[in-house]
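As structure tokens, the structure follows; a few thoughts come after it.
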Amino acid sequence: MEKTKISKLGVPYLHLGKGEPLMLIHGLGEVKEGWKNQFELADQYELIIPDLRGHGECTKTDNISIQTFATDLIGLLKELKIENAHILGLSMGGAVAQEIYRQAPDHCRSLLLISTFHFFPKKLKDLLFKNRKAKFEAVSEAGKQTEFLAHMALYSWNKDMMEVFSHFFRPKHQIFLESLKMCLEVNNRTLLPTINVPTLIIGGQYDSVLPVWIQACMHKLIPHSEFIIMRNTGHLAKLEAKDRFNQLLRRFLNQQKTAA
């Protein structure tokens with residue numbers, strides 16, 4: 001396993017490979033090591049893989065918000081003297097990627113938005129939070145949070161895949177709930193039409209966490225974006241269909257090299 005580095009701002013991150021910079025941003029309750037299946041991209045790209053605030057090895061737990069997550073990562077890019085990078089975000093990480101574009105569009109060579117979201121209607125926010133919070137607390141008390149969330153996130157419920165999920169999904173109770181609440185405050189409906197960098201949107205056919213119709217809506221809002229539905233995957237195609245997923249990333253990223 002790659003050795004963790006810590007930025008001056010306290011962001012733990014993995015840094016490997018050479019080539020155009022590619023930042024990989026994990027989802028809610030995940031850790032940076034959950035991108036292990038994508039380490040092979042280091043043969044073509046300089047990978048920057050951080051732990052978000054309060055997640056993984058990051059000890060900073062104040063001011064949990066999508067905006068703060070993005071500010072932390074922009075600071076990391078600046079510290080590494082990376083003028084711009086391809087920004088890939090999964091689930092909550094996709095919301096962070098959008099926020100990076102809002103705060104610092106010049107830092108984004110392209111956006112890769114995976115199984116993510118851009119908006120939750122006001123009428124649904126409280127209902128969704130109360131429902132998810134109640135379920136999370138109930139399964140946590142029963143010691144079955146990983147099993148429950150794996151069944152939500154995965155299409156493949158075989159023993160090996162469940163074990164892989166449990167290794168990379170390590171929610172910290174309070175941070176999980178605070179982050180979930182902040183996710184429900186995201187409203188990028190006016191931001192998406194302003195995005196003018198190449199954008200790839202990927203959804204999982206059987207994603208029950210963030211169904212593909214959400215990514216389809218994002219595709220309609222982002223000019224000239226590309227939208228792909230990955231068949232026979234759930235919320236975590238990066239785990240369930242590693243080879244297909246990585247090939248899609250390489251194809252899109254290589255197209256940007258050709259265009260340049």
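The values are calculated or read from the model by the stated rules, or taken from the named source; none is laboratory data. What you are looking at is a predicted structure, and each value in this text was computed from that prediction instead of being measured. Cβ placement follows ideal geometry from the backbone for every residue including glycine, while neighbour counts extend to all protein chains displayed. For accessibility, only protein heavy atoms count, side chains too; no ligands or nucleic acids. Shrake-Rupley method; radii C 1.70, N 1.55, O 1.52, S 1.80 Å.
Of 106, 126, all but one fail to be modelled with pLDDT of 90 or more, assigned to a helix (DSSP H, G or I) and open to solvent by 80 Å² or more (accessible area, probe 1.4 Å); the exception is 106. Screening residue 191 with (1) open to solvent by 10 Å² or more (accessible area, probe 1.4 Å); (2) out of contact with any Lys or Arg (no Cβ under 6 Å at 6 or more places or on another chain); (3) not polar (S, T, N, Q) gives one miss only, at (2). Could you go through the stretch 53-71 and let me know if any residue there is open to solvent by less than 20 Å² (accessible area, probe 1.4 Å), in a strand (DSSP E or B), at pLDDT 95 or above and in contact with a Leu (Cβ under 8 Å, 6 or more places away or on another chain). For the stretch 53-71, residues open to solvent by less than 20 Å² (accessible area, probe 1.4 Å), in a strand (DSSP E or B), at pLDDT 95 or above and in contact with a Leu (Cβ under 8 Å, 6 or more places away or on another chain): absent. Of all residues in the stretch 56-75, those that are of a type outside the set (A, V, I, L, M) and in contact with a Pro (Cβ under 8 Å, 6 or more places away or on another chain) total 4. Annotation note: of 180, 112, the sole residue that is outside any helix (DSSP H, G or I) and within 14 Å of the chain's Cα centre (by Cα) is 112.
Is one or more of the residues making up the stretch 41-48 closer than 16 Å to residue 210 by Cα, among the charged types (D, E, K, R) and not in a loop (DSSP other than H, G, I, E, B)? No: zero hits.
Candidates in the stretch 194-210 are the residues that are of a type outside the set (A, V, I, L, M), touching a His at 6+ places or on another chain (Cβ under 9 Å) and more than 13 Å from residue 230 (Cα to Cα); of these, the one that is least open to solvent (accessible area, probe 1.4 Å) is 199. The residues of the stretch 226-249 that are among the polar types (S, T, N, Q) and either touching a residue at least 60 places away in the same chain (Cβ under 8 Å) or in contact with a helix residue (DSSP H, G or I) (Cβ under 9 Å, 6 or more places away or on another chain) (or both), listed by number, are 232, 233, 246.
With respect to residue 99, is the statement that it is at pLDDT 95 or above and either in contact with a helix residue (DSSP H, G or I) (Cβ under 6 Å, 6 or more places away or on another chain) or open to solvent by less than 60 Å² (accessible area, probe 1.4 Å) (or both) true? Taking the combined requirement at face value, the residue satisfies it.
Here the stretch 164-175 is the region considered, the condition is being more than 20 Å from residue 114 (Cβ to Cβ) and assigned to a helix (DSSP H, G or I), and the residue that is least open to solvent (accessible area, probe 1.4 Å) is 175.
Mind checking which residues of the stretch 1-40 are closer than 24 Å to residue 173 by Cβ, open to solvent by 10 Å² or more (accessible area, probe 1.4 Å) and assigned to a helix (DSSP H, G or I)? Scanning the stretch 1-40 gives a single hit, 33.
Only residues that are open to solvent by less than 20 Å² (accessible area, probe 1.4 Å), part of a loop (DSSP other than H, G, I, E, B) and under 23 Å from residue 85 (Cβ atoms) were counted across the stretch 211-260, and they come to 3. Given 30, 2, 57, 99, which one is farther than 26 Å from residue 133 by Cβ and among the acidic types (Asp, Glu)? Answer to the check: 2.
Within the stretch 136-151, can one find any residue that is in contact with a helix residue (DSSP H, G or I) (Cβ under 6 Å, 6 or more places away or on another chain), under 16 Å from residue 91 (Cβ atoms) and open to solvent by less than 30 Å² (accessible area, probe 1.4 Å)? The answer is yes; a qualifying residue exists. All of (1) farther than 22 Å from residue 253 by Cβ; (2) in a helix (DSSP H, G or I); (3) open to solvent by less than 10 Å² (accessible area, probe 1.4 Å) hold for residue 117 with one exception: (2). For the stretch 200-244, give me each residue that is farther than 21 Å from residue 164 by Cα and aliphatic (A, V, I, L, M). Answer for the stretch 200-244, where residues must be farther than 21 Å from residue 164 by Cα and aliphatic (A, V, I, L, M): 200, 201, 202, 212, 214, 216, 218, 221, 222, 228, 229.
Residue 157 fails exactly one of the following numbered conditions: (1) at pLDDT below 85; (2) surrounded by 15 or more Cβ atoms within 10 Å (Cβ to Cβ). What is the number of that condition? Among (1) at pLDDT below 85; (2) surrounded by 15 or more Cβ atoms within 10 Å (Cβ to Cβ), residue 157 violates only (2).
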